[in-house]
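Student: Submitted below is the structure of interest, expressed as structure tokens.
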Amino acid sequence: MENDRVKKLLQGAGIFSGGPKVVTIGGGTGLSVILRGLKKYTSNITAIVTVADDGGSSGMLRQDYGVLPPGDIRNCIMSLANTEPTMEKLMHYRFTDGSLKGQSFGNLLITALNDICGGFDLAVKEISNVLAVTGRVMPVTLENITLFAELEDGTIIKGESQIPIIQQKSKSEIKRIFLKPSNCKALPEAMKAIEEADAIILGPGSLYTSVIPNLLVRGISKSIAKSTALKIYVSNIMTQKGESIGYSLADHIKAINEHANNKVVEYVIANNQSIPDELMNKYKTEEAAPVALDFMELRELKVKVITGNFVNIEQGFIRHNYNLLTETIFGLICDEKLAGDTRRLLDYYFVYDKLKK
């Protein structure tokens, strides 16, 4: 019923033709989670995905076959797919024995289609058609990029998979991350999607290895900054070992804007509810803690903060409740479309954009 209610509000705000144009930018599990909720309210979705991954099965395929890492792309495709359960299980299936042990069938399929179709972007389009994907999934670039990190102590780390490992050992914070080649070009379709978007969503996901790498691809940050779309950052619920231990919400946004060389965050959606003690104890072993909401610093950054209970527990891990998260996003889109209308469209979130000066 909530789904129908939000759709009626979107129509009332003058949003038709399949829903608002929403662009999501990120990678990892966070991006694929939010896509499951977004497709309930719009078919005009474009997921722009990082291709800096060099670990696990994706890294092996990248090394052996020269294909861009397919793992994050595969997860996003399956989140937006409208297919039978058997096909979904097949795409996520991992071989347990032999030379293919640990490999995902979906990753292998994308790798094969890369050769058959003559390009990674074409392979992604083809498998998206086969699986009846709602919207579009695309790599942020077609170039073979490598992610580097510079720590405060001067250490340079090569490779996305190595950044959190070496950072943990050194105990030195990440100063910056960068790509090689530094002038890698964005996929033209990704640029066009950003230009036409009604809303651009960064995250959720690992700050330095899933979200920010996309902003380092030439043209992406400038396009976001120039866009008239709503620019929303979905904050992680917990800090992450190897990347953001000790970071507040303002620290996350500062890192994003500094790497983008532009202000690319206008709204932030963040959890403000407590975490059960048994889970807190588990995450403490990883040195992780809830991302602190430092409202005074956030006000100085001129961002508008939307808070609520976005926690969902899945198999003992803290995840975002993507239903509540996406209802909040589309409520915000409606509010902005109905500029001047004072009614609130969703009653469970609170907007702190009117903090007293």
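Student: Cα atoms only, the range 241-282: Rg and Dmax in Å?
Tutor: Every Cα atom of the range 241-282 included, Rg and Dmax give 13.5, 40 Å.
Student: So if I place +1 on the C-beta of Lys and Arg and -1 on the C-beta of Asp and Glu, and nothing else carries charge, what would the dipole magnitude of the chain be about its Cα centre? I want it in debye, nearest 20.
Tutor: 660
Student: Rg and Dmax of the range 54-139, Cα atoms, in Å?
Tutor: Looking at the range 54-139, its Cα Rg and Dmax stand at 12.1, 36 Å.
Student: Further, regarding this structure: Work out how far the C-alpha atoms of the range 160-274 reach from end to end along every principal axis, then list the three figures in whole Å, largest first.
Tutor: 42, 39, 19
Student: Just to confirm the filter: which GluC sites (Glu not before Pro) across the range 172-222 are DSSP coil and have at most 16 other Cβ within 10 angstrom of their Cβ?
Tutor: The qualifying sites are E173.
Student: Just from its helices, what would the mean residue ellipticity at 222 nm be for the chain, if runs of 4 or more DSSP H residues each count -39500 (n - 2.57) and the sum is divided by every residue, rounded to the nearest 500 deg cm²/dmol?
Tutor: Helix-only estimate at 222 nm: -11500 deg cm²/dmol.
Student: Any idea what Rg and Dmax come out to for the chain if you just take the C-alpha atoms, in Å?
Tutor: Taking only Cα atoms of the chain, I get Rg and Dmax of 19.7, 64 Å.
Student: Residues with beta-carbon under 14 Å from that of P70, excluding P70: net charge, scoring Lys, Arg +1 and Asp, Glu -1?
Tutor: -3
Student: Counting pairs of alpha carbon atoms under 8 Å apart in space and at least six apart in sequence, what relative contact order in percent does the range 190-322 give?
Tutor: That works out to 25 percent.
Here, each number is a calculation from the coordinates, and none is a lab measurement. As the structure is a prediction and not an experimental result, all values here were calculated from the model. Virtual Cβ from ideal backbone geometry, glycine too; neighbours counted across all protein chains shown.
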